[in-house]
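K.L.:
Let me begin by handing over the structure; questions about it come next.
Bear in mind that the values in this text are calculations on the coordinates, not laboratory data. For clarity, every value in this text was computed on a predicted model and none was experimentally measured. Every residue, glycine as well, gets a Cβ built from its backbone with ideal geometry; the counts of neighbours run over all protein chains shown.
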Amino acid sequence: MEVEDQIRRIMEGEGLEFTELDVHPDQAKPATLRKTVSYIVCAVILNDQEEVLMVQEAKQECFGQWYLPAGRMEEGEAIEAAMQREVKEEAGFDCQPITLLLIQEQGPQWIRFIFLAKVTGGSLKIPGEGDQESLQATWWDRVSPLQLRGRDILDLIDSGLKYHQETWHPRTLPVAIPCSHVVQRLVLIFSNAEEELWVLLVKAPRLHLPTAGAVKTHTLMWASSLVVQDALGSLYYDQEVTALGVLGLQHHYHPTPGRLQSRCSDGVCFNMLAQLVPDPVQRDRDGEKLEVVPPSQPPPPENPRYTWKRIQSQVLTDILLGKMKNPCTLPIHSLY
Ligand SMILES: C[C@@](O)(CCOP(=O)(O)OP(=O)(O)O)CC(=O)O
Ligand SMILES: [Mg+2]
């Protein structure tokens, strides 16, 4: 598939087959759930009064405290199915995902998928129905005092309320394409004053979008910067990489015989849009500010493995320019 067609698919939130080209050289072993990667799901569910569904924890370490329905994904699950299971187990309701609201990450060993979801059946777990999953569930008006397991969920609830009131980015749900590793596929764009666009590509064995492999010592977002640094070399330090968000993500558990021997599919591929912007403040050797004339061309990669491709399609150029001016994409936050 032509690179511009690949980019168009990604811009539309679709996925691209994950191949060995997408496996970063630094990543020898495939991702293995609950060993090298840990995925957490979390649901923001609102009722007509914009109360939020909360569950009271039964775990010893947070007994009696309240949290959103959340938990760790289990082997063989799709990401959405894990969220539906946690809501059912902890709150008693059946639900359907509406969209992902946010992705939080601390490298591949902790990635949290936060969904906005809606109730489709079941019934609220009431006192007396408690078990090891939770003591009970309730609709919280977000004002009454409630002892929270963690205040981190307040921002997640706000994200859900904001999206519930205004769908400010396209509905984004995982695309069922298996991935053996955790990677980001980068659509890194450079634009000049004439709004001509270029995209960074890897040349061999055939032109393809670069990927940033997640390693446990770095956040996913840092891995993207490493790829750009690998491409530009010393020119990297005169640029800024602005992450514009997640255009889509790909995950599909694909049961393979003799799982340990063959490629597993516990990985996730995040299709990311980012923009390379010349650092507006450049200084000479004496530290004096230099007048920066916006370049008409992208900085030539010092690494011959990479190249820039000028976007020829005006339709695709307009789509990319629109996204760059108003990203409105699924956010991904690196937590330290
Ligand atoms: C972000 C979390 O709070 C996610 C919730 O995990 P749980 O402890 O609720 O896990 P389950 O027992 O599977 O439900 C924990 C964390 O990673 O900080
Ligand atoms: Mg839980």
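K.L.:
Taking amide hydrogens as modeled 1.01 Å from N in the peptide plane, which residues meet the under 5 Å criterion relative to V175, leaving out close sequence neighbours?
P.N.:
Distant-sequence amide H within range of V175: L249, Q250, H251.
K.L.:
With +1 assigned to the C-beta of every Lys and Arg and -1 to the C-beta of every Asp and Glu, and no other charges, what is the dipole magnitude of segment 1-50 about the Cα centre in debye, to the nearest 20?
P.N.:
It comes to approximately 500 debye.
K.L.:
Then there is this: From the square roots a ≥ b ≥ c of the eigenvalues of the alpha-carbon gyration tensor of segment 44-155, which class results: rounded (a/c under 1.5), prolate (a/b over b/c), or oblate?
P.N.:
rounded
K.L.:
When Lys and Arg each count +1 and Asp and Glu each count -1, what net charge do the other residues less than 15 Å away from S144, Cβ to Cβ, add up to?
P.N.:
-2
K.L.:
Residues of segment 315-329 with amide nitrogen under 14 Å from the 7 Å Cα-to-Cβ point of E194?
P.N.:
none
K.L.:
Considering only the other residues whose Cβ falls under 10 Å of the Cβ of E51, what net charge follows from Lys and Arg at +1 and Asp and Glu at -1?
P.N.:
Counting the neighbours of E51, the net charge comes to -2.
K.L.:
Then there's this: Report the residue, chosen from V187, V44, V277, that carries the largest GNM mean-square fluctuation when the chain is represented by alpha-carbon nodes joined by springs under 10 Å.
P.N.:
V277
K.L.:
Charges at C-beta only: +1 for Lys and Arg, -1 for Asp and Glu. How large is the resulting dipole of the chain about its Cα centre, in Debye rounded to 20?
P.N.:
Working: 31 positive and 45 negative charges, 140 e Å.
Once rounded to the nearest 20, the dipole reads 680 debye.
K.L.:
Given segment 92-221, what percent of its DSSP beta bridges are antiparallel, to the nearest 5?
P.N.:
100
K.L.:
Mind giving me the FRET efficiency for L226 and A58? R0 is 35 Å, r the Cβ-Cβ distance, nearest 0.05 is fine.
P.N.:
0.25
K.L.:
Would you grab the residues whose amide H sits under 5 Å from the one on Q239? Only those 5+ places off in sequence or on another chain, please, with H modelled 1.01 Å from N.
P.N.:
The list, which skips near neighbours in sequence, is D279.
K.L.:
For the chain, modelled as a Gaussian network with Cα springs under 10 Å, which listed residue fluctuates most, G107, G287, G64?
P.N.:
G287
K.L.:
If amide hydrogens are placed 1.01 Å from N in the peptide plane, which non-local residues have theirs closer than 5 Å to the one on Q65?
P.N.:
Answer set, sorted by chain and number: E57.
K.L.:
Of L33, I319, G160, which is farthest along the charge dipole of the chain in the positive direction, counting Lys and Arg as +1 and Asp and Glu as -1 at C-beta?
P.N.:
Checking the options against the dipole of the chain, the answer is L33.
K.L.:
Could you tell me how far the Cα centroid of segment 291-330 sits from the Cα centroid of segment 22-66, in Å?
P.N.:
Result: 35 Å between the Cα centres.
K.L.:
Name the residue from L335, C95, Q109 whose Cα lies farthest towards the positive end of the charge dipole of the chain, charges +1 on Cβ of Lys and Arg and -1 on Cβ of Asp and Glu.
P.N.:
Q109
K.L.:
Which percentage, to the nearest 5, of the DSSP beta bridges contained in the chain is antiparallel?
P.N.:
70
K.L.:
Considering all alpha-carbon pairs of the chain, what whole percent are spaced by more than 33 angstrom?
P.N.:
Every Cα pair in the chain considered, those over 33 Å come to 34 percent.
K.L.:
Right, here's the next one. Whole-Hz ³J(HN,Hα) for each residue in segment 320-326, computed from phi via Karplus 6.51 cos²θ - 1.76 cosθ + 1.60 with θ = phi - 60°, x for glycine and proline: what do you get?
P.N.:
3J(HN,Hα) across segment 320-326, in whole Hz: 5, 4, x, 5, 6, 6, 9.
K.L.:
Please state the charge dipole magnitude for segment 282-336, taken about the Cα centre, from unit charges on C-beta atoms (+1 on K and R, -1 on D and E), reported in debye and rounded to the nearest 20.
P.N.:
On the way: 8 positive and 6 negative charges, 57 e Å.
Dipole about the Cα centre, nearest 20: 280 debye.
K.L.:
I'd like to know which of L53, I7, I177 lies farthest towards the positive end of the charge dipole of the chain, counting +1 on Cβ of Lys and Arg and -1 on Cβ of Asp and Glu.
P.N.:
The residue sitting farthest along the positive end of the dipole is I177.
K.L.:
In a GNM of the chain with a 10 Å cut-off on Cα contacts, which of L197, L244, L226 has the highest mean-square fluctuation?
P.N.:
Sorting by GNM fluctuation, first place goes to L226.
K.L.:
What are the ³J(HN,Hα) couplings of segment 213-218, residue after residue, when phi is run through the Karplus curve with 6.51, -1.76, 1.60 and θ = phi - 60°? Round to Hz, x for glycine and proline.
P.N.:
Couplings: x, 7, 10, 5, 8, 10 Hz.
K.L.:
Which ³J(HN,Hα) values, rounded to whole Hz and listed in residue order, are derived for segment 228-237 from phi using the Karplus coefficients 6.51, -1.76 and 1.60 in 6.51 cos²θ - 1.76 cosθ + 1.60 with θ = phi - 60°, glycine and proline given as x?
P.N.:
Once θ is set to phi - 60°, the couplings for segment 228-237 become 5, 5, 4, 6, 8, x, 5, 6, 4, 6 Hz.
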